[in-house]
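Report on one structure; see the data block that follows.
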Amino acid sequence: MSELILLSSVCRDFPVGGVVVHGLRDVSLAIGRGEYLSIMGPSGSGKSSLLHTIGLLDRPDRGDYLFDGRNVVHLSDEERARLRRQRIGFVFQFFHLVPRLTAAENVELPLMLAEMPARERHRRVDAILARLGLADRRHHRPDQLSGGQRQRVAIARAAVTDPDVLLADEPTGNLDRAAGHEVIAILEELNAGGITLIMVTHDPAIGDRARRRIRMEDGAVLPEEK
């Protein structure tokens, strides 16, 4: 399995009230293409900081980050944004859908940002909505959908660009158990299709489903259990 993500001695510090909080402490981590990995740990352990760094939403203060062999630490903001659009999908706990847009329009947004022709955009949106069981909800706005349906729309938006990696930050944290299981099944299906899946979760039952589990404490990655 070839490496898609390689972090080497990555550190991220945050000034808070006159003191420095170490969000990431000397993190070194290799993630192969197509892996299914969970990141677990108590609140404040650095899970989201690590996910945001991997997703190019945040920049390390020290260390190196290679994405598919390219060091992305010193890329310009424009280059980082382009790489995110093309190769990384995000799923968050609170959906982050645009309230005034329909399900289909929300899913279409990243394709519009990528300046994809309209015919191809519509083909991709139709295909992903059908795959996720949302074809009959395409004209509904977020406030007309259940929590589980909103999260499926968010997953469709993240997956419609065919990214290399899908980053999920507490994707079931705002859902009931049945809807949460449905969302996890969809994410695992996407992983089975070849997408690298990296998921932050507080739920051990969900985290333990991953084929590889990372635990964090005080900004550091703990030694992995074999």
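The values are calculated or read from the model by the stated rules, or taken from the named source; none is laboratory data. Since the structure is predicted, the reported quantities are computational estimates derived from the model, not experimental observations. Using ideal geometry, Cβ is built from the backbone for each residue, glycine included, and neighbour counts are taken over all protein chains shown. Calculation scope for accessible area: heavy atoms of the full protein, side chains included, ligands and nucleic acids excluded. Shrake-Rupley method; radii C 1.70, N 1.55, O 1.52, S 1.80 Å.
Consider Gly17 against the criteria (1) in contact with a Phe, Trp or Tyr (Cβ under 8 Å, 6 or more places away or on another chain); (2) free of Cβ contacts under 8 Å to residues at least 12 places away in the same chain: it satisfies all of them except one. Which criterion is unmet?
That leaves (1) as the condition not met.
Quick check on my filter: what residues within the stretch 62-96 are assigned to a helix (DSSP H, G or I) and not basic (Lys, Arg)?
Selection gives Asp77, Glu78, Glu79, Ala81, Leu83, Gln86.
Within the stretch 107-126, can you find the residues that are free of Cβ contacts under 8 Å to residues at least 40 places away in the same chain and part of a loop (DSSP other than H, G, I, E, B)?
Scanning the stretch 107-126 gives Glu115, Met116, Pro117.
Could you give every pair whose Cβ atoms fall below 7 Å, whose first residue belongs to the stretch 186-199 and is closer than 20 Å to Glu3 by Cβ, and whose second residue is assigned to a helix (DSSP H, G or I) and of a type in the set (S, T, N, Q), counting only separations of at least 6 or pairs across chains?
Leu197/Asn191
So which pairs qualify, if the first residue must be in the stretch 81-106 and more than 19 Å from Ala135 (Cα to Cα) and open to solvent by less than 80 Å² (accessible area, probe 1.4 Å), the second must be of a type in the set (Val, Ile, Thr) and not in a loop (DSSP other than H, G, I, E, B), the Cβ gap must be under 6 Å, and the two must be at least 6 apart or on different chains?
Ile88/Val165; Val91/Ile155
Give the stretch 104-126 a look and list any residue that's out of contact with any Asp or Glu (no Cβ under 7 Å at 6 or more places or on another chain), under 19 Å from Ile88 (Cα atoms) and among the aliphatic types (A, V, I, L, M), or say none.
Val107, Leu109, Leu111, Met112, Leu113, Ala114, Met116
Could you identify the single residue in Leu134, Leu175, Leu129 that is touching a Gly at 6+ places or on another chain (Cβ under 7 Å), of a type in the set (A, V, I, L, M, F, W, C), over 20 Å from Leu56 (Cβ atoms) and without any contact (Cβ under 8 Å) to a residue 40 or more places away in the chain?
Selected residue: Leu175, the only one of Leu134, Leu175, Leu129 that is touching a Gly at 6+ places or on another chain (Cβ under 7 Å), of a type in the set (A, V, I, L, M, F, W, C), over 20 Å from Leu56 (Cβ atoms) and without any contact (Cβ under 8 Å) to a residue 40 or more places away in the chain.
Looking only at the stretch 146-187, count how many residues are over 16 Å from Gln93 (Cβ atoms) and either at pLDDT 95 or above or outside any helix (DSSP H, G or I) (or both).
Summing the residues that are over 16 Å from Gln93 (Cβ atoms) and either at pLDDT 95 or above or outside any helix (DSSP H, G or I) (or both) in the stretch 146-187 gives 6.
For the stretch 194-221, give me each residue that is part of a loop (DSSP other than H, G, I, E, B) and open to solvent by 70 Å² or more (accessible area, probe 1.4 Å).
Residues satisfying the conditions are His202, Asp208, Arg209, Arg211, Asp218.
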